[in-house]
Structures are given as C-alpha cells and as structure tokens.
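Trainee: Please see the structure below; I have some questions.
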Ligand SMILES: [Zn+2]
C-alpha cells in the first residue's frame, strides 16, 4: 500500500480508536528574501514521537536518516516533537482551570522515556520540540469554549513549566499540537510566555473539518506560509509526506498493530522520501534544516525588515 494512503488510513483509524497519532513531516519552503535566494529551499524532517515505542522509533528513523546522509553526503537534521502531558483520565475527568494550574502528578513524559536517545540526537544537530494533544478541548464538548480554553491555557503553562524543570537540557522552543489542531490562537500568548517561539501546527486546507471524531473543527490557518506573528514563528505545513514513528517498527499497542512486512515497507518509503529530497538538494540546491536553524537565519532577515518577514 502506498505509504501516504496508509498514513491517511492510520490517521482515520486512530481518530476512531486512540487520540494519540500523527506524523513525520517533510514540508519545505522557499525564501523570498534575496540574500537567501541561492540556497533558499529548506526541507524539514519532523517526527511526532509520542508512544512507548519512542526509543525504537527514534532509533529506526535515525538509522534510515544516517544511511541517506552517507549516500548523498548531506546532513539531515530531524525535529523530534516529543509528547509530554498529563494522563488521559485527567483530561476527560477534570473540568476546572484551577485543577490544571496544579503541577503534574502523572504524565506521559516522552523526554524521560527517551532521554539518552534524544540527548544523543540533539548533540548531533537535531532539534527537540514538544508535542501536545488538546484532549480536554476535544473530548469535553459539554464544557464551553471559554472554559476549555482556560483549562488549555492553564495546562499548557503547567506542562511547559514541568518540561523546563525536568528537562531544561533540551531547551525546548518549538511545538506541534496533536492532530495539528489549535483550538484558539490565544493560547500562543501563554506558550510564548513559557518560552515556545516556534509552532508547526498550522494545517492549511483543513478549516472547518472535524478533529478526531469530535465536533471540534479546525480554525482558519493563521497564516499559510511561514511567518512571525506576535513573537511566534508559525511554520505551516503544505507539501507534506507523513509517517508515524511507530510505523517504523513492528508492534501491537492494542489500538494499532504492525507486522514485519508493513514495517519494512514503511521504512523503505520513508527512506525514498528523504532520498528524493536529498536528490532535489543535490540537483537544485537547498538544505535540510531544523526550525531553530531556519529561525536563526530568518532572524537576520527580520532585523532588516522591521520585525516581519514572510516566505512563499
Ligand atoms: Zn500526537
């Protein structure tokens, strides 16, 4: 089965069975800024790493990346969006912003589960970001939008603080919401205050569509091209090749199973996707990058353009 189709199928299946999901993404963008014109194409390889298979998934994806790097003699950094948040039961049972302003007891802490593995990847140039699903918002539709946003803001602040306390070494600055679903752009004020400067959750083309079998719907994209808005650099994905980290390894997690044949096929397709990008770079210029690196480059542009820039 075509991987892209397979991913769509998995995504749909997950929406029915388990909210945990999503993707490795390879969007790219071209800069309009003349100083970046000759090497303006940036390819981002990103992974949402979010299950207890995280260590295996990271290892398999890294192994494929290293093979392609050697073959094409190109550096391929990866952005790992690591899931960190409270337990599922808290999101569906608790219903006050006060509760979510408390420090975390139970949590799914992907940073802890894969700490040495992530440390190693960060040291070789990868970026470590944060992945978070707005479970309460999506699954407590009995609560008002304002109540759920208050809860979400409280929880994002609490979780971000917990990440800083437990895992300051990763200096997390980027994030992606689960399902690529942002319930309200006001949450970025909280995220900015918590040190999040880069968002990779905007999903153009999904406005009005339902999220994860709920009645929640995607907002209109705040931007359809990478752009800094009120201190957050939004990098929407448009041209996307998606995989799941757990699609790289055989498993049976109950809500998803994968046999050896399909795992092998998925790894091959992932390798081919990166190879195609590497070939494009070899022929037409550009580079693989991380959001932080691209943001640092963009900052130079921002300095000369009164704090605002855009990419096509
Ligand atoms: Zn997810």
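Values in this text are rule-based calculations from the coordinates and carry no lab data. Not measured: the values here are computed from a predicted model. Cβ: placed from backbone, ideal geometry, glycine included. Neighbour counts: every protein chain shown.
Trainee: Grab the beta carbon distance between residue 272 and residue 296, set R0 = 25 Å, and tell me the FRET efficiency rounded to 0.05.
Mentor: Values: r = 30 Å, r/R0 = 1.20.
Efficiency at R0 = 25 Å is approximately 0.25.
Trainee: Now, a different point. Once the piece of chain linking residue 146 and residue 69 is laid out straight, how much longer is it, given 0.36 nm per residue of separation minus the C-alpha distance between them? Write down the numbers at each step before the final one.
Mentor: Values: separation 77, 0.36 × 77 = 27.72 nm, distance 4.73 nm.
Length gained between residue 146 and residue 69: 23.0 nm.
Trainee: Shifting gears a bit: Quick check: pseudo-label points 7 Å beyond the Cα along Cα→Cβ at residue 164 and residue 217, how many nm apart are they?
Mentor: A separation of 3.7 nm, rounded to one decimal place.
Trainee: Subtracting the Cα-Cα distance from 0.36 nm times the residue separation, let me have the gained length for residue 283 to residue 250 in nm, one decimal.
Mentor: Working: separation 33, 0.36 × 33 = 11.88 nm, distance 3.50 nm.
Length gained between residue 283 and residue 250: 8.4 nm.
Trainee: Then there is this: Kirkwood hydrodynamic radius of the stretch 46-94 from all distinct Cα pairs, in Å?
Mentor: 12.8 Å
Trainee: Run through all the Cα pairs of the stretch 69-117 and give the fraction in each 5 Å bin from 0, expressed as whole percent.
Mentor: The distribution over the stretch 69-117 is 5, 15, 18, 15, 12, 11, 7, 5, 5, 5, 2, given as percents.
Trainee: Still on this structure, I have one more. Could you compute how fast the stretch 135-244 diffuses translationally, taking Rh as the Kirkwood radius over C-alpha pairs and applying Stokes-Einstein at 20 °C with viscosity 1.002 mPa s? Give it in µm² per second.
Mentor: Working: Rh = 14.7 Å.
For these conditions, the coefficient is 145 µm²/s.
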